[in-house]
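The values are calculated or read from the model by the stated rules, or taken from the named source; none is laboratory data. Computed from a predicted model, the values in this text were never measured in an experiment. No Cβ is skipped: glycine too gets one built from the backbone with ideal geometry, and neighbour counts run over all protein chains shown.
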Amino acid sequence: MSAPFRALTARQRRSDALLAAVVFVAGVISAALSAVSEIYGDEQAPLWQALVYLVFLAAPLALRRVWPAQVAIIVSVAYFIAVTLRIPELYAGNIAMFIALYTVGAWMANRRAAMIVRAAIIAGMFIWLMVTSYRDAIDTAREEDVIAGAMSPYLAFMMLQLLVNVLYFAGAYYFGEHAWKSAMQRQALEQRTADLESEREVTAAQAVALDRVHIARELHDVVAHHVSVMGVQAGAARMVIDQDPATAKKVLADIEGSAREAITELRHLLETLRSPGHDPEDASTVTIDDIAQLVEASTSAGVPTEFTVIGDQRSVPSVTQVNLYRIAQESLTNVRRHAGAGATADVRLRYLDTGVELEIVNTGRAVLTPRSGMGQLGMRERALASGGTIESAPRERGGWRVRAHLPVSAPVALSGATA
């Protein structure tokens, strides 16, 4: 079973080189003192062999995290040979073997191979220990009198050696595994942190994009409606200004009123945008009841429009009311811009058990190739933002039909992907 690769840093490489140097120096000191103390007696190997042994023991530790299995095998074989040849050095070898076994467990990415390498080294060590103990026991029995009783001093010493080796290898195995698991947990935590940071950046970008969509939609609805009305009214005033100055004055007064309404709605929008923690939708103060004013403005602009309310009026969330108003506003604006002369419109507001339905139907020129502009997109987004649906398509006999069905439950937030 393979696991994620752990990259080495320059600092870790330097620390491993320093560790190898420290083990070598410590081994030289240990070998010199062991030679003087004659730990192996007459069978002790010469000191120069200890220096050669220490090179093979310490040098591989500089690459212990690069090739952990190879280093562990080299260090173990060197240790076995040194003990077999009675080379006067034990302590640095024990430390080097512990470090090598620990490194296999802590750094080897292939966990199955790491287990096999450590198990093979430990099994080899215990087999060698049992063979050596059996050989020494026979030699001791020949040279000395065997002490009768439950346990001889030699047997007690060998059992102590066995216990020390069990703790030694179990410790190297356990601490290596623990270090690996800790590193994997730390790596997973770092990856999770990076993923969360990336997700936070994406979420922030989506929020900014969504805010831009809200602002663009509000500006389009406010500006397009009032400018459209003012354009129609200005054209009417220009046509009658010479023949009927009084009517022209009235139309110009209506244009002035439309301009003031546009400025008021823009001011509301800008004030909301300057207030932190508010949605651009909050900039609108319009409600369903204001649809009647849209109908009157449409009629005044030259498009006779009827308004009908069907069903019993019920409570509707404020955002849903704003969206219904803006859909009606955009629809009537499109009628004035595209339906042509002599067109009429009919606005129906139905209160149903499942929600509120708004339908705007107009007569006028036939649309052969309908195009989806910013207004159509804005209406679709508003319907989706309130958890509803919308149909917008030309009629066979000429004109256009818009039908939006919005539930009266709390609206859902428009996702970044939808926006």
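Numbers for the structure displayed
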read-out	value
The stretch 55-67 residues that are surrounded by 18 or more Cβ atoms within 10 Å (Cβ to Cβ), paired with ones that are not in a helix (DSSP H, G or I) (beta carbon under 9 Å, 6 or more apart)	LEU57/GLU89; PRO60/TRP67; ARG65/ARG6; ARG65/LEU8
Per-region count, the stretch 16-31, residues under 19 Å from ASN94 (Cβ atoms), in contact with a helix residue (DSSP H, G or I) (Cβ under 7 Å, 6 or more places away or on another chain) and either surrounded by fewer than 18 Cβ atoms within 10 Å (Cβ to Cβ) or among the small types (Gly, Ala, Ser) (or both)	7
Qualifying residue in the stretch 402-419 (condition: surrounded by fewer than 17 Cβ atoms within 10 Å (Cβ to Cβ), at pLDDT 90 or above and basic (Lys, Arg))	no
Filter result (surrounded by fewer than 16 Cβ atoms within 10 Å (Cβ to Cβ) and in a helix (DSSP H, G or I)) within the stretch 99-126	ARG111, ARG112, ALA113, ILE116, ALA119, ALA120, ALA123, GLY124, PHE126
Out of VAL367, VAL361, VAL309, VAL316, sole residue that is modelled with pLDDT under 85, outside any helix (DSSP H, G or I) and assigned by TED's automatic domain parsing to the domain that holds SER298	VAL367
Enumeration of residues in the stretch 313-344 that are surrounded by fewer than 18 Cβ atoms within 10 Å (Cβ to Cβ) and within 15 Å of PRO407 (Cα to Cα)	GLN313, ARG314, SER315, PRO317, SER318
